[in-house]
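Encoded as structure tokens, the structure appears first; notes follow it.
Rule-based calculations on the coordinates, nothing more; no lab input. Since the structure is predicted, the reported quantities are computational estimates derived from the model, not experimental observations. All Cβ positions, even for glycine, are placed from backbone atoms using ideal geometry, and neighbour counts span all protein chains on display.
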Amino acid sequence: MKPKPLHFFSSPKGETSFFRLLRNRFLTGLCIALSLLTLVPLISIVILVIRNGLPLLSMNLFSQLPPAPGLEGGGFGNAIMGTLVMVGISLLLAVPLGVFSAVYINEYAPVSPVSSAVRFVAKLLTGIPSIICGVFAFAAVVMTSHHFSAIAGGVALAILILPIILLTTEQALMGVSSAYREASFGVGATAFQTIWRIVLPDAMPAIMTGVMLAVSRAAGETAPVLFTALFSQNWITSVLEPTASLSVLIYNFASLPYAYHIKLAWSASLVLVTVVTMTNILAQLIFSPKHR
């Protein structure tokens with residue numbers, strides 16, 4: 001007996017073409033409306049930050065120190081410098097470790113117990129709250145060195161972005177065609193030569209995309225930096241001393257009962273949102289596959 005075909009998407013019996021068209025357009029419009037609804041929170045945040053942060057924004061804010069409580073004037077130049085320093089330290093720690101770990105688990109031992117453990121830990125770290133990374137760095141660095149510092153902040157941020165870099169690098173390496181590896185081995189190249197001259201250059205755009213996304217994540221974190229670098233009203237002169245950052249400045253100034261400090265916090269928020277947004281956009285424009 002020949003089985004009857006299943007018509008999962010067939011129209012109800014007796015439905016006219018007009019009602020089918022009406023139903024399709026209704027469902028299409030509903031999907032579009034729900035998709036646009038997901039943009040409402042983001043657009044609302046951006047509009048709120050621009051409306052409150054733009055009036056005070058000027059070039060002077062980028063070159064001056066924060067004002068003392070109750071005073072007006074000044075800026076957040078030291079916070080920008082401190083953020084750049086700590087993000088730079090985190091990249092110096094996380095990029096080599098993340099990239100080389102991804103190379104090992106993907107190219108040398110993809111099915112070994114060590115590789116499985118590394119993948120599991122990396123995925124686990126991506127779901128751990130950032131404040132836990134800050135507490136760990138506080139116990140491991142601040143309590144052993146007995147002072148807050150930019151290095152401690154960089155270590156906390158490195159722990160936070162390491163799994164991002166490792167997992168994105170592994171995905172980038174997996175995206176390289178195996179034919180390239182086979183062709184390289186076919187002409188007598190070693191595994192190291194194949195990875196260094198063939199695999200990594202081909203995967204580099206995707207790796208850099210992951211690194212830039214990690215930078216945007218690190219630049220906006222507050223809790224890890226608050227636990228490790230604390231804050232400073234002065235310019236950074238050493239990585240072994242407490243250091244200001246944009247995220248902590250926003251947190252501190254937004255809680256003060258002074259109108260100017262609150263306005264300054266909004267302007268710093270606008271700068272931080274702009275930096276994070278531009279970093280993500282540049283990562284997609286410069287390192288996307290169609291621009292390779």
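Using 1/(1 + (r/R0)^6) with R0 = 45 angstrom and r between the beta carbons of GLN64 and PHE19, what's the FRET efficiency to the nearest 0.05?
So the FRET efficiency works out to roughly 0.10.
Modelled label-to-label distance, ALA189 and ASP202, 7 Å Cα→beta-carbon offset: nm?
0.8
Working out 0.36 nm times the residue gap between ILE45 and ALA117, then minus their Cα-Cα distance, what length gain in nm do you get to one decimal?
22.0 nm
For every helix of n ≥ 4 consecutive DSSP H residues, a contribution of -39,500 (n - 2.57) applies; sum these over the chain, divide by its total residues, and give [θ] at 222 nm rounded to the nearest 500 deg cm²/dmol.
Per the formula, -21000 deg cm²/dmol.
Which whole-number percent is the relative contact order of the chain (Cα, under 8 Å, 6+ apart)?
Worked out over the chain, it gives 25 percent.
For segment 77-245, what relative contact order do you get, as a whole percent, if you take Cα pairs closer than 8 Å and at least 6 residues apart?
That works out to 39 percent.
If you put +1 on each Lys and Arg Cβ and -1 on each Asp and Glu Cβ, how big is the dipole of segment 195-292 around its Cα centre, in Debye rounded to 20?
Dipole size: approximately 300 debye.
With the cut-off at 29 Å, report for segment 133-292 the share of all Cα pairs above it, as a whole percent.
When every Cα pair of segment 133-292 is considered, 37 percent fall beyond 29 Å.
Excluding the sites themselves, what is the longest stretch of the chain that contains no chymotrypsin sites (Phe, Trp or Tyr not before Pro) in a DSSP loop with at most 15 other C-beta atoms within 10 Å?
Between exposed loop sites, the widest span is 10-234.
So, how do all the Cα-to-Cα distances of the chain break down into 5 Å bins, in percent, from 0 on up?
1, 5, 9, 11, 12, 12, 11, 9, 8, 7, 6, 4, 3, 2, 1, 0, 0, 0
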